[in-house]
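Throughout, read-outs are computed from the coordinates displayed, never taken from laboratory work. Note that this is a predicted model, so its numbers are computed, not measured. All Cβ positions, glycine included, derive from the backbone under ideal geometry; neighbour counts span all protein chains shown.
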Amino acid sequence: LPPRHMDTVVHIIEALESTDRGGSAGGSAVPELARALGACSTPGCRAVLGDPPDVPPTPSTLSDQEWLLFTQLLHHDTAAPERGAVLAPDGSTVALGPLLVGIEVGLKQALGLSIPTFQPPIDALYAVTLTEALGTSFLLARGGDGDNATLGPGGCWDNVDDPQNYTLLGPPSPIPDAIANGAMDGVILGAHIARAPIPLAALLRGYYGTGNGTQKGRPPSSYRRRDFRVLTAPGKLEEEVEAMLKVLRVLPPTQELLEDVGQEEVVAIARQAARDFMEVYVDCPPIVPRCMWGARPYRGTPRLLTLPLGAIYIHHTFIPSVPCRTFSACSRDMRSMQHFHQDIRGWDDIGYSFVVGSDGYIYQGRGWTWVGAHTKGYNSKGYGVGYVGDFSVTPPDEDTIALVRDELLPCAVKTGKLQQNYTLRGHRQMGHTDCPGNSLFQEIETWYGFK
């Protein structure tokens, strides 16, 4: 089959939109086709968008292989949610279903088409993309033994150049990372197209940066967490989850699920669901797992850290000296550093705990739980965070600075990885080195915790 990549999806949608019906700005043929193939198979989504149309024969503009792939990507399978995912150029993985139903709601709003009203009122855009799945996930986990996953996990592709198989890194919840990304993108793009309808392929190409490998800079998709936060004011998600659970209480397919759930419990479920989702997918930064950047195995047996740690040590890589601004470039730099650390210096693995790209993503080195090799004499006392590049003269981009200062460090405290009164230092304060460069060092002197 063609690669499970957003480029492939955009190519398929362009072919579908080549007909007069689907190609005009605001044409709804492709979202309706997505519903026919299973993108809107849950009770809440069907209540908002209606029963799906019949599946048409293979469109003449698609090959059999393209049609088969599109059909597979939109077939909703709760037991294997990873089958509906594609790899985006920025290195994130996106479920196609919630993305396209969010866009359909936006199109209906733009065209003035009616959407059913409910009591209590719900925001249809959040209902079809996120709140039904989110509320159901936490509803099913209530009163359990704590083993039921409510969010996540992430996963990895077998080959980022020709992605065919996406494997989850743990037991699936109703909202694995790909569903979360697809839902946030569905909200963002649905809201966008409601204001300014354009052909769907053009919308997706601009948002994901397809066709250019993001070489022209960060695509908007790498800002999804920031943009979702802008749209989703404090309390908004909690209100929408609560309203959606009340709607599910009266829909025949889900009445039984909520028949013994009181109002106070509905409020508590909505609060917990919204809080956890915002913490995991909005307030904390996206971290690219080792298997996505092509890490080789750790040599030997890693030593575990004793958490929470009390310190953070900031580095720059110096070599590579140029900031990486794309997923492919940052992954290549990670592999190069791991080779240098393992094969030249003889270390067990890449030394840093985390590495910061200028593409909007943090890359997992040794991670949260393994002792690193970044700050001699202090590796078990703190995390080593390295910025890709030489920042002796010029600091990283403000977005890249904020990725650590405003997201990674507060997230580490909130999740119990880092003590609240942690100490932050530059590498040069702990040894004989110019690291992390004069410019970056002057920047971190202004951060919370600097000593």
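Shape class for the stretch 155-253: oblate, because the ratio a/c of the largest to smallest gyration tensor axis (alpha-carbon atoms, square roots of eigenvalues) is 1.5 or more and b/c is at least a/b.
Principal-axis analysis of the Cα atoms of the chain puts helix 64-74 at an angle of about 80° to the longest axis.
By the gyration tensor of its Cα atoms, with a ≥ b ≥ c the square roots of the eigenvalues, what is the shape of the stretch 329-451: rounded for a/c under 1.5, prolate for a/b over b/c, or oblate?
Values: a/c = 1.30, a/b = 1.17, b/c = 1.11.
Rounded shape, in that the Cα axes give a/c under 1.5.
Under a 5 Å amide H cut-off, with hydrogens placed 1.01 Å from N, Arg4 pairs with Gln164 among residues at least 5 apart or on other chains. Along the chain, the longest continuous region that contains none of the GluC sites (Glu not before Pro) in a DSSP loop with at most 16 other C-beta atoms within 10 Å is 1-258.
Across the stretch 429-440, coupling constants 3J(HN,Hα) worked out from phi with the 6.51/-1.76/1.60 Karplus curve, θ = phi - 60°, read 6, 10, x, 7, 6, 8, 4, x, x, 4, 5, 5 Hz, and Gly and Pro carry x. Distances between every pair of Cα atoms in the chain, grouped in 10 Å steps from 0 to the bin holding the largest one, split as 4, 20, 29, 24, 15, 7, 1 percent.
Rounded to whole Å, the principal axis extents of the Cα atoms in the stretch 114-212 read 47, 46, 14, largest first. The helix-based estimate of mean residue ellipticity at 222 nm for the chain, built from -39,500 (n - 2.57) per DSSP H run of four or more residues and divided by its residue count, is -11000 deg cm²/dmol to the nearest 500.
Averaging the sequence gap over all C-alpha pairs within less than 8 Å and six or more residues apart, then dividing by the number of residues, gives the stretch 309-445 a relative contact order of 35 percent. Percent antiparallel among DSSP beta bridges with both residues in the chain, to the nearest 5? Expressed as a percentage, antiparallel bridges in the chain total about 35. The alpha-carbon of Lys414 sits under 19 angstrom from the alpha-carbons of these lysines, leaving out residues fewer than 8 places away in its chain: Lys381. For Phe450, nonlocal amide neighbours, meaning residues 5 or more places apart or on other chains whose placed amide H falls under 5 Å from its own, are Leu424.
Across q = 0.19, 0.23, 0.24, 0.25 Å⁻¹, the stretch 298-358 modelled as identical point scatterers on its alpha-carbon atoms has Debye log10 I(q)/I(0) values of -0.83, -1.06, -1.11, -1.14, in the order of the q list. Across the chain, the mean sequence separation of Cα contacts (distance under 8 Å, 6 or more residues apart), normalised by length, yields a relative contact order of 14 percent.
Cβ distances below 4.7 Å define possible disulfide partners, and in the chain the cysteines left without one are Cys435. Rounded to the nearest whole Hz, the Karplus-based 3J(HN,Hα) values (6.51 cos²θ - 1.76 cosθ + 1.60, θ = phi - 60°) of the stretch 35-47 follow the sequence 5, 4, 8, x, 5, 10, 9, 8, x, x, 5, 5, 5, with x at glycine and proline. Computed from phi, the 3J(HN,Hα) profile of the stretch 352-362 under the Karplus parametrisation 6.51, -1.76, 1.60 (θ = phi - 60°) reads 6, 6, 9, 10, 10, x, 9, 9, x, 10, 9 Hz, with x in place of Gly and Pro.
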